Structure formats: C-alpha cells, structure tokens
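Below is one structure, written out as structure tokens; the observations come after it.
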Amino acid sequence: MIFAEVKAMGDRILIVDDEGDIVAMLKDYFEFKGYEVLTAVNGLEAIRKAEKQPDIILLDINMPDVDGMEVCSRIRAFVACPILFLTARVDDEDKIRGFGVGGDDYIVKPFSIDELGARVAAHIRRERRQGEPAKVRLDDRLAIDYTERELYYNGAKLSFAKKEFDIIELLSGRPGQVFSKERIYELVWDYDSEGDASVVAEHIRRIRAKFAAAGMSSYIETVWGVGYRWAKTKNPTERGQ
C-alpha cells in the first residue's frame, strides 16, 4: 500500500478494533507517518493500553463484551486526549450518545485512510494550540482560564466536557459574533461536516444546563434562524433572562 508522503512528529496513537486486518492496516499507516502506535483488539485491553496516555485514540464502537462507548466512558476519568470513534454507521442519536460519554469525532467505515490521517493530525494540532496566556475575567462573576481550560463563576470552578469547553472558548473569545451551528461544528471539530446541527444544539443545551445549575443566566444567546453568540455588552446576570 502506498501512503501519502506526510510525516508526523512522534505522537502516540492507540488503535482499538476487534478486526485484526484493520488494526494491522492502520498500524502500518501511522507508523509510516511517524507515530508511536499502540494497539488493542478488545475493550479491556484498550482500557489497559489507555493508561499509557496516548495523544489520540481511534476506538471501534462495535466490539464484543466491552464496546467502544463503554471503553470511552471508563477511560475519560484518566485520559484527556481526543477519542475518535470508528463505526460502520452513525445517526444523530448515536453521535449525541458518543459525545455524551466523551468522544470527540466519528469516522464512518469504510473510510479514506488519508482523510483519517488528516483528521487525526487536525485533532492533535488543536490539542497543541496555545490558549490565552492568563485567566480572563469577563464580568464581576465569570472568569475563564483558557490555558488551563477552566471556567469559574463566583469563584467556583465548573466542569465541562472537552467539546463543551471548546464551544465556550470559541464563542466567548468573540463576544457578539454570531456563529451558525454548521460553522461551530466545522471550527470545533476541525473539519466541514454539513448536517450536524443537532450535535451542536445538544452541546449548547448541556452547557446551558450547567450554567443554570450554577445559578448563572445563559451567556450564550440564540439568534433565531442563524445560530448562537456570546453576550457582548451587558452582564447576563442583569438581563433577567
């Protein structure tokens, strides 16, 4: 097999699939690209290998015994890297469930191996991007530390899943600018995927629920028929929303 001549930089990737030929193909490809490759052929082995802290994980969903969703749920307690699900089919309900347990992306089989390589590289690039150098106070109650990826309200830290914080980072960094659901998906997931508006809407719903649980009014405004924006001029605690 001839692969595109684009070398990686020694990142560690964990490949999990119960089909040995797929594992072998992906192992050859990513080693050729310069990755350090870990492999697993079942869920329990994947959980053990994840303890080696890979930079990214390719995780098959449909495995016997412990499936990919369960693996993702278990390892999210100690793994922060992007997790990309491999699956033969996916609908919006599957995506919402997968993102809910901590997944970051879906790769539908059969896939172009070079497109997969590009998506893996894009996720790793995003992980390496520098955030703002300090905690930014957005109003008298809310502060966001973009470097540590933490949000504080009235001094208390709120926890968010990776993609939830990515959306917060995107919108809060450009207050007042309106983003369509499709544009949010493209920027946060690092590639164009038309038709995934429901995934963005579900993430926004989760963010707002966490804001509400902390006693916050929503800082994320809906612009009907267009998309979402971060409140710009007024403190949201004063708007009575």
**OP:** Could you pull out the residue among Ala201, Ala161 that is at pLDDT 90 or above and of a type in the set (Gly, Ala, Ser)?
**Re:** Ala201
Subject >> Output for region 60-118, where each listed residue is on the phi > 0 side of the Ramachandran plot and not small (Gly, Ala, Ser) >> reply: Asp65
Original post:
In region 160-172, what count of residues is obtained for those that are open to solvent by 10 Å² or more (accessible area, probe 1.4 Å) and without any contact (Cβ under 8 Å) to a residue 24 or more places away in the chain?
Top reply: 1
Subject >> Long-range neighbours under 7 Å by Cβ, at least six apart or interchain, first residue among the small types (Gly, Ala, Ser) within region 134-155, second open to solvent by less than 90 Å² (accessible area, probe 1.4 Å) >> reply: Ala143/Val136; Ala143/Tyr152
Subject >> Residues located in region 211-241, provided they are part of a helix (DSSP H, G or I), surrounded by 15 or more Cβ atoms within 10 Å (Cβ to Cβ) and at pLDDT 85 or above >> reply: Phe211
Original post:
So which residues in region 81-97 are over 10 Å from the mean Cα position of the chain (by Cα) and either more than 19 Å from Leu26 (Cβ to Cβ) or open to solvent by less than 10 Å² (accessible area, probe 1.4 Å) (or both), if there are any at all?
Top reply: Phe85, Leu86, Thr87, Arg89, Asp91, Asp92, Glu93, Asp94, Lys95, Ile96, Arg97
**OP:** List the helices (runs of 4 or more DSSP H) that sit entirely inside region 1-101 and contain at least 1 residues that are within 21 Å of Glu115 (Cα to Cα).
**Re:** 20-32, 92-100
Original post:
Out of Gly100, Gly117, Gly131, which single residue is under 17 Å from the mean Cα position of the chain (by Cα), surrounded by fewer than 16 Cβ atoms within 10 Å (Cβ to Cβ) and at pLDDT 85 or above?
Top reply: Gly100
**OP:** Might you let me know whether region 24-44 holds any residue that is open to solvent by 20 Å² or more (accessible area, probe 1.4 Å), over 19 Å from the mean Cα position of the chain (by Cα) and among the polar types (S, T, N, Q)?
**Re:** yes
Original post:
For region 157-183, what are the residues that are farther than 24 Å from Gly225 by Cβ and either more than 10 Å from the chain's Cα centre (by Cα) or among the hydroxyl-bearing types (Ser, Thr, Tyr) (or both)?
Top reply: Lys157, Leu158, Ser159, Phe160, Glu169
Subject >> Pro175 being at pLDDT below 85 and at negative phi >> reply: no
Subject >> Pair list, Cβ under 6 Å, 6 or more apart: region 181-202 residue under 19 Å from Ile83 (Cβ atoms), other residue small (Gly, Ala, Ser) and modelled with pLDDT under 85 >> reply: Tyr185/Ser193
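The values are calculated or read from the model by the stated rules, or taken from the named source; none is laboratory data. These figures come from a predicted structure and were not determined experimentally. Using ideal geometry, Cβ is built from the backbone for each residue, glycine included, and neighbour counts are taken over all protein chains shown. For the accessible areas, the whole protein counts, side chains as well, though only heavy atoms, and no ligand, DNA or RNA atoms are used. Shrake-Rupley method; radii C 1.70, N 1.55, O 1.52, S 1.80 Å.
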